[in-house]
């Protein structure tokens, strides 16, 4: 009967989350009962979208929810065998028992590192793929802007646009990330929004305007993009990180969507699950061909999970932020 | 050789437009030359969308542009005969000559008043029809909110939604208009946004949330609707009248479009011209059956045009605002 350590939310952050909003709690996890499996999590995901759930959605004094990849260590069901890898939504804990609901067996690609199944070849990559191609209806050769382009979702979106022959501008808040986007990823223009005024910089970087803005940020980034949208442009809205800590994110020039007949559409990956097989085939090929590059920031051990989330919100990650819970 | 009086924009309004921004100018119009027609305008349209053009787009010291319906009074081309009625974009003037470009022959429906071709059966009605059914993808029986629901576009949008079996809430800024919407048009709920707090009133009026918000207003109306949108809801954005005088219109809760996966899309009628024949057939039938009711506010004479536009922006119209230039 293993002991599992897990992260509870114990108070709701006002503004940026802080370590005192979280607690590390140890509890006994029962062995697998009939029909159940016992899963040990190996890796867990830390995502910007977790921030709004700290304000509303995530219960207090319970283990937090989040994407994770685990290994079956006991099985009393024919559906799973010991050793099976299972994607699950029960991150922020080391062990859990389950009747199998919400577990998806993962067959890792032998030619790729296991961790890419947690980002480029997993949920964040799929969010970028469907957001850009399905929600954003990207066409080859268009003018594209991606905010937080060095992030887990943004970096994949920006590179898919490059693969599709587009002119791609990315923003980031860090000179090191900007250099990676320019020199490794090969974006056409990169804006450091912490050192350059975003509206002026975006205007200069987009002489042919914008057909698609992949928005992870909202706020000033969205205002800057709205000024540059071409007729019948599209803005898939993946995140509003600029407003996550404050709870609001003002946009003052939304009326521009009328004159240019622009579509904004919020989305989550389950909106385009019918594309998942296409995504896996395309993305595995791009990763193996080196056409999609990625960065990872991996923290070690469950106790590091709160700081990983706090650090993510402060931009301390390069690429996907993960926590390794076991190996 | 007739004299034509026309309205010039002589200075750009700061905030609400005022009479001193306009001038009535008389000039000679030549007779029709070979290949030309001379048109006398009978009716001209006054629309909220004209306001942004006063800030940028409409040249100073020239006759203003706007929808109009005229009659051919001289013709030196086989394309038009004297007496033909022609829709045109050359409102704000009594006469003009033309080679025919931009003129569309109108065959009025003998069972309907000529003026309905200027609103419910014309551009404003078509804007409502395509905005709701094509851009908004309205489905039978959905939950719908229409802002400025007593206006020329809003009143048609609200009634099409009723014809489609929807639950329809409308907003207006006047008790008389509210009574018309409730008692004559038969909306399910009506909000006077000048006497009721829009967010609370909309919440109370939409127990099943909103699937479609037909937005003519932006600003606080849009914020109120964003709080009520159901999953995969749609917001066709037809106008942002709340920001037309000030030039901006803040929206603070746009991030809601992510959680509910909402689409906002700005549009103009030319985006769905392929629906025009369907629209004319449907709308003529609805008008004759009394299923679409309308109001008109008709000012007399070209000199009244500036005050008609000023009054429209102040809500002094009931339904479509027109100016009759001749009969």
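The values are calculated or read from the model by the stated rules, or taken from the named source; none is laboratory data. Fair warning: this is a prediction, and the values are worked out from it, not measured in the lab. FYI the Cβ positions are ideal-geometry reconstructions off the backbone, even for glycines, and counts take in every protein chain you see.
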**Item:** Matching residues, the stretch A:255-270, being more than 20 Å from residue B:270 (Cβ to Cβ), at the interface with another protein chain (Cβ under 7 Å from one of its Cβ atoms) and out of contact with any helix residue (DSSP H, G or I) (no Cβ under 7 Å at 6 or more places or on another chain)
**Value:** A:268
**the stretch A:189-222, subset within 10 Å of chain B (Cβ to nearest Cβ) and modelled with pLDDT of 95 or more, residue nearest to residue A:253 (Cα to Cα)** = A:222
**Message:** Against the condition surrounded by 23 or more Cβ atoms within 10 Å (Cβ to Cβ) and assigned to a helix (DSSP H, G or I), how does residue A:153 come out, does it pass?
**Reply:** yes
**Request:** Inspect all residues belonging to the stretch A:235-251 and state whether any of them is over 23 Å from the mean Cα position of the chain (by Cα) and either more than 10 Å from every other protein chain (Cβ to nearest Cβ) or farther than 20 Å from residue A:55 by Cβ (or both).
**Result:** no
**Asked** Does residue A:315 satisfy the condition of being away from every other protein chain (no Cβ under 14 Å), part of a loop (DSSP other than H, G, I, E, B) and either touching a strand residue (DSSP E or B) at 6+ places or on another chain (Cβ under 9 Å) or within 29 Å of residue B:135 (Cβ to Cβ) (or both)?
**Response** yes
**Request:** Could you list, in sequence order, all residues of the stretch A:78-121 that are within 19 Å of the chain's Cα centre (by Cα), in a loop (DSSP other than H, G, I, E, B) and within 21 Å of residue A:301 (Cα to Cα)?
**Result:** A:89, A:91, A:92, A:113, A:119
**Prompt:** Do we have any residue at all in the stretch B:297-309 that's within 14 Å of chain A (Cβ to nearest Cβ) and touching a residue at least 12 places away in the same chain (Cβ under 8 Å)?
**Reply:** no
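Modelled with pLDDT of 95 or more and over 30 Å from residue B:249 (Cβ atoms): does that describe residue A:301?
Working: modelled with pLDDT of 95 or more: yes; over 30 Å from residue B:249 (Cβ atoms): yes.
The answer is yes for residue A:301.
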**Asked** Taking residue B:290, is it more than 11 Å from chain A (Cβ to nearest Cβ) and either surrounded by 22 or more Cβ atoms within 10 Å (Cβ to Cβ) or under 24 Å from residue B:318 (Cβ atoms) (or both)?
**Response** yes
